[in-house]
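Taking it in order: structure first as structure tokens, then the write-up.
The values are calculated or read from the model by the stated rules, or taken from the named source; none is laboratory data. Note that this is a predicted model, so its numbers are computed, not measured. Virtual Cβ from ideal backbone geometry, glycine too; neighbours counted across all protein chains shown. Each accessible area value is taken on the protein alone, full model and side chains, heavy atoms only, with ligands, DNA and RNA left out. Shrake-Rupley method; radii C 1.70, N 1.55, O 1.52, S 1.80 Å.
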Amino acid sequence: MEDKIIEGLAFALPALVTGGVAYFMFSAFLQRDENEKKFEALIQKKKDSLPTKLQAYERLLLFCERINPAKLLTRVNPIGADSDSYAHLLIANIEQEYEHNLVQQIYVHEDAWKAVVGSKLSIINKIRNTAESSDNAQILRENLLIDYSQVESPTETAIAIIKQQVKRLI
């Protein structure tokens, strides 16, 4: 009886070892195959999302160009002589552009979005402060143009950050 048990173990043990080795090799193969598929899916996802991200960066760059004070002031003319109403018109124009591009924050890096929002707020703040010290719309316009001809516009900083993020993306 003991001989039959030993004989049975002698046949079963190599089969178990072979089966165990085959199991581990097969599971390692399946794991590697699954990892390759995940990696390929990730590459395809990035490849598919790249045009959308680039378009978002393009739109933010265009937003920065449109709210650049020198360009904004030449595009938006005062309706009347009142500096406060002209300041409100400029700010409303900036806010409208901003709301139009608000969804782009989903597709861009957080640093780029913060730079764009910071430049927008800086320009609005400068318009408000300059409007308080300006007697009429024409003087407000001249003061803003003079101020921004002497210092770099906040939009230039935002554009530099956007370009840096695009370079990292590509």
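The largest accessible area among THR52, THR18 belongs to the first residue in THR18, THR52, and the rest follow in falling order (1.4 Å probe, all chains).
Rounded to the nearest 10 degrees, the angle from helix 137-150 to the longest Cα principal axis of the chain is 50 degrees.
Equivalent-ellipsoid semi-axes for the stretch 62-163 (Cα gyration tensor, √(5λ), whole Å, largest first): 25, 14, 10. Computed over protein heavy atoms with a 1.4 Å probe, the accessible surface of the stretch 84-147 works out to 54 Å² per residue. Considering helices alone, the calculated mean residue ellipticity of the chain at 222 nm is -30000 deg cm²/dmol, with DSSP H runs of length four and up weighted by -39500 (n - 2.57) and normalised per residue.
Each principal axis of the Cα cloud of the stretch 48-95 was taken in turn, and the coordinate range along them, longest first, works out to 51, 16, 11 Å. Look at where the Cα atoms of the stretch 74-105 and of the stretch 26-69 average out, and the two centres are 34 Å apart. Could you work out the relative contact order of the stretch 40-158? I mean the mean sequence separation of Cα pairs under 8 Å and 6+ apart, divided by the number of residues, in percent. After rounding, I find 38 percent. Considered as an equivalent ellipsoid built on the Cα gyration tensor, the chain has semi-axes of 69, 13, 12 Å, the largest given first.
Cross-link check: pairs LYS71/LYS126; LYS47/LYS163; LYS37/LYS163; LYS37/LYS114; LYS47/LYS71 evaluated at a Cα-Cα cut-off of 25 Å; pairs beyond the cut-off: LYS37/LYS163; LYS37/LYS114; LYS47/LYS71.
Value of Rg to Rh for the stretch 1-92, rounded to two decimals, is 1.74; Kirkwood radius and Rg both from alpha-carbon coordinates. Only Lys, Arg, Asp and Glu carry charge here, each on its Cβ (+1 for the first two, -1 for the last two); on that basis the chain has a dipole of about 400 debye about its Cα centre. All C-alpha pair distances within the stretch 116-156, sorted into 10 Å bins from zero, spread as 31, 53, 16, 0 percent across the bins. Translational diffusion coefficient, Stokes-Einstein: compute it for the stretch 1-53 using the Kirkwood radius over C-alpha pairs as Rh, at 4 °C and 1.567 mPa s, and state it as an integer in µm² s⁻¹. The diffusion coefficient I find is 88 µm²/s. The share of accessible area on the chain that comes from carbon and sulfur is 59 percent, using a 1.4 angstrom probe.
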